[in-house]
Amino acid sequence: MLKIENLHAEIDGKPILKGLSLTVNAGEIHAIMGPNGAGKSTLGYVLGGRPGYEVTEGSITFDGQDLLEMEPHERAAAGVFLGFQYPVEIPGVSNVQFLRESLNAQRGQRDEKPLSGAEFLKLARAEAARLEMDAEMLKRPVNVGFSGGEKKRNEMVQMGIISPKFAILDETDSGLDIDALRIVGDGINRIMRQPDKSVLLITHYQRLLDYVKPDVVHVLADGRITRTGGPELAQQLEREGYAEVAA
Amino acid sequence: MSVLELPSTRAEAWRWADLGALSAAAAMAPVVRTEHEFLDLPGARLLFVDGVLDEAASTLGAVTFGEVAGSDHALGRHARAGWSLRLDSRTAADPVQIVHVATGAENHLAAEIVLADDAVGEVVETFVGAGWANRYTRTTLGRGARLMRSVRLLQPAGFVSLREEADIGEAASLVTTFLGAGGQGSRIDAQLNLTGEGAFAEYGGALLTSDTQAQECAVRVNHAQPNGSSRQVWRAVAAYRSRASLAAAVEVARHAQKTDGEQSLRGLLLHRTATVNLKPELEIFADDVKCAHGATVGELDQRALFYMQSRGIPRSRAQAILTHAFVADVLERIGNETVRAAFEGDADAWLDAAL
Ligand SMILES: Nc1ncnc2c1ncn2[C@@H]1O[C@H](COP(=O)(O)OP(=O)(O)OP(=O)(O)O)[C@@H](O)[C@H]1O
Ligand SMILES: [Mg+2]
């Protein structure tokens, strides 16, 4: 589904990703772990097409298409979803409006007909309920005044509504309390654990991986993948640290 | 009138005025009269073409015509005669709709709105066409009277200048919302006097400018009596090489204690080549007052734009949504739902064209 080859990317002329290669097949969940500042979020932003993140070398193919040739909104319509490490607050724009615009913009790009206000609300309420988010929060401005954990849960509600093919989830577990972690973990499995979908799960901790069992675990350090293994690699990292395992 | 009779931009209160655009508008060759629909509201409908009533297209209701007590203001003094709306507490408060169509050159018209004690009124005005439309509006509100006024400037070209003077009596309320969403230059020039105790004035709007256009407001609110409150909430959105300027002043007289004045002036630059000027001013001579003022200019939040794009929303649409949100709190002040929806639609149409 996703094939990254020899990816080099820089921000303001500073190289961050330095020859990263990674292949994720349909039906797989990959975890990416790695020290602070290694370039994990940068990888997510490059996949999403964030302005200012310049790819200087390498390629990214998604479902056979050249992802780097596509605008950010086109990538979303093609099925890429980026769960943000720091979800953005948008004063004056309600969650409902934001999500309905998002979903209908994607549907429009795929020549599907837009959902009506009522159809959308039904979908959004159901998804909020599954992730145990108060439906009242759908009316509030996007992420404004949400706690850290509420923002992360809201990302998952968005993912549930959009139902992407491929999700990069950047530290979706950070800031979640113990119950929320379980709910979000179950949500990721429910929404994304499917033969035609895949996930890149960026995390620092084993505990999310207890709920969402990865098929493959990678270590990203200094802009490249330095080790790849099975779920046991995450446990080893937790025990021994990056210095030992992935130096 | 000759444009030369206007003050020069060396005068502080006129420093941001685009007098060049005003003279160019006054010299505009005749253009075909544009058709404009009235909103679907009950009440009187007045259609003015170049300041002259089109009787066949108008229903006057309570509106009459005559001389209006003059102003000595540079803009106001040129309009002496015009329409008059006088309401008392027993008159039905159906909105009065006024459409001003300009067909080139200059036109001047005065107006007077007089609400007796406890009277309630609503006036909606729309400017379309091309040329220089100059208006002088004098408002007097008696004790407990309430006036809602909404004014939109939608001329594709030319200039609209509004001189507004109001006396707001005891416990009376004036709420006025402007939307500048046309291609014309503009100057909204106002002096509001809170002459009665506990008077309330809300005077604000959104000026959306594009291309090389310049729009501005220059508003002074004078609190002469205690316990009054005023809110001046203005938003300026400037694209390309345009300029939007907001100057708002609050004066609080020595014995106007417990005055509550709020000024919120905010500008949004859609392009780095555009200009927003903000000038909040406070002149306070009383000691027990609460006056909050804020003035900020910024650009669209790039992080929010990318967040929206990453969810599938094209960049231009994301910009439009964020800009709409920026002006929404001003337009939400319009109490009449039909009027508010129309103004929001005009703002959205402007955004679609500009972004
Ligand atoms: N705008 C920027 N200008 C310069 N350097 C930047 C900029 N944004 C990020 N960086 C740098 O890029 C490097 C990678 O950052 P990134 O956010 O991808 O790390 P990360 O692996 O996600 O770390 P964490 O685990 O702390 O979230 C860091 O050294 C960071 O300081
Ligand atoms: Mg990160």
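The values are calculated or read from the model by the stated rules, or taken from the named source; none is laboratory data. It should be emphasised that the depicted structure is a prediction, and the values quoted were computed from it without experimental measurement. Virtual Cβ from ideal backbone geometry, glycine too; neighbours counted across all protein chains shown.
Of everything in segment A:1-21 that is surrounded by fewer than 21 Cβ atoms within 10 Å (Cβ to Cβ) and within 16 Å of ligand 2 (Cβ to nearest atom), the residue that is farthest from the other protein chains (Cβ to nearest Cβ) is A:Lys14.
For residues in segment A:216-247 being among the basic types (Lys, Arg) and touching a strand residue (DSSP E or B) at 6+ places or on another chain (Cβ under 9 Å), which is surrounded by the fewest Cβ atoms within 10 Å (Cβ to Cβ)?
Out of the qualifying residues, it is A:Arg227.
Quick one: is B:Ala247 part of a strand (DSSP E or B), touching a residue at least 24 places away in the same chain (Cβ under 8 Å), within 30 Å of A:Pro51 (Cβ to Cβ) and away from chain A (no Cβ under 14 Å)? For B:Ala247, the condition - part of a strand (DSSP E or B), touching a residue at least 24 places away in the same chain (Cβ under 8 Å), within 30 Å of A:Pro51 (Cβ to Cβ) and away from chain A (no Cβ under 14 Å) - is not met.
When residues of segment B:329-346 are filtered for being outside any loop (DSSP other than H, G, I, E, B) and either within 14 Å of chain A (Cβ to nearest Cβ) or of a type outside the set (Phe, Trp, Tyr) (or both), how many remain?
Going residue by residue through segment B:329-346, those that are outside any loop (DSSP other than H, G, I, E, B) are B:329-331, B:337-346.
This time we only want the ones that are either within 14 Å of chain A (Cβ to nearest Cβ) or of a type outside the set (Phe, Trp, Tyr) (or both), so: B:329-331, B:337-342, B:344-346.
Final tally of qualifying residues: 12.
Is one or more of the residues making up segment B:278-298 at pLDDT 95 or above, within 14 Å of chain A (Cβ to nearest Cβ) and surrounded by fewer than 24 Cβ atoms within 10 Å (Cβ to Cβ)? Checked segment B:278-298: at least one residue is at pLDDT 95 or above, within 14 Å of chain A (Cβ to nearest Cβ) and surrounded by fewer than 24 Cβ atoms within 10 Å (Cβ to Cβ). Go through segment A:92-112 and give me each residue that's at the interface with chain B (Cβ under 8 Å from one of its Cβ atoms) and touching a residue at least 40 places away in the same chain (Cβ under 8 Å). Of everything in segment A:92-112, those that are at the interface with chain B (Cβ under 8 Å from one of its Cβ atoms) and touching a residue at least 40 places away in the same chain (Cβ under 8 Å) turn out to be A:Gly92, A:Val93, A:Phe98, A:Leu99, A:Ser102, A:Leu103, A:Gln106.
Pairs linking a residue in segment A:69-91 that is within 7 Å of another protein chain (Cβ to nearest Cβ) to a residue that is assigned to a strand (DSSP E or B) and of a type in the set (A, V, I, L, M), with Cβ atoms under 8 Å and 6 or more positions apart or on different chains, are A:Leu82/A:Ala167; A:Leu82/A:Ile168; A:Val88/A:Val142; A:Ile90/A:Val142. The residues of segment B:38-76 that are β-branched (Val, Ile, Thr) and out of contact with any Asp or Glu (no Cβ under 6 Å at 6 or more places or on another chain), listed by number, are B:Val49, B:Val52, B:Thr59, B:Val63, B:Thr64. Total residues in segment A:10-31 satisfying the condition of being touching a Gly at 6+ places or on another chain (Cβ under 9 Å) and either of a type outside the set (A, V, I, L, M) or farther than 19 Å from B:Ser310 by Cα (or both): the figure is 8. Counting only strands (runs of 3 or more DSSP E) that fall entirely inside segment A:129-247 and contain at least 3 residues that are within 17 Å of the chain's Cα centre (by Cα), the qualifying elements are A:166-170, A:198-202, A:216-221. Scanning segment B:280-328 for residues that are in contact with a Pro (Cβ under 6 Å, 6 or more places away or on another chain) and either part of a helix (DSSP H, G or I) or at positive phi (or both) turns up just one, B:Gln309.
Per the listing A:Lys152, A:Lys165, A:Lys197, the residue uniquely within 16 Å of ligand 2 (Cβ to nearest atom), charged (D, E, K, R) and either in contact with a strand residue (DSSP E or B) (Cβ under 9 Å, 6 or more places away or on another chain) or over 30 Å from A:Gln106 (Cα atoms) (or both) is A:Lys152.
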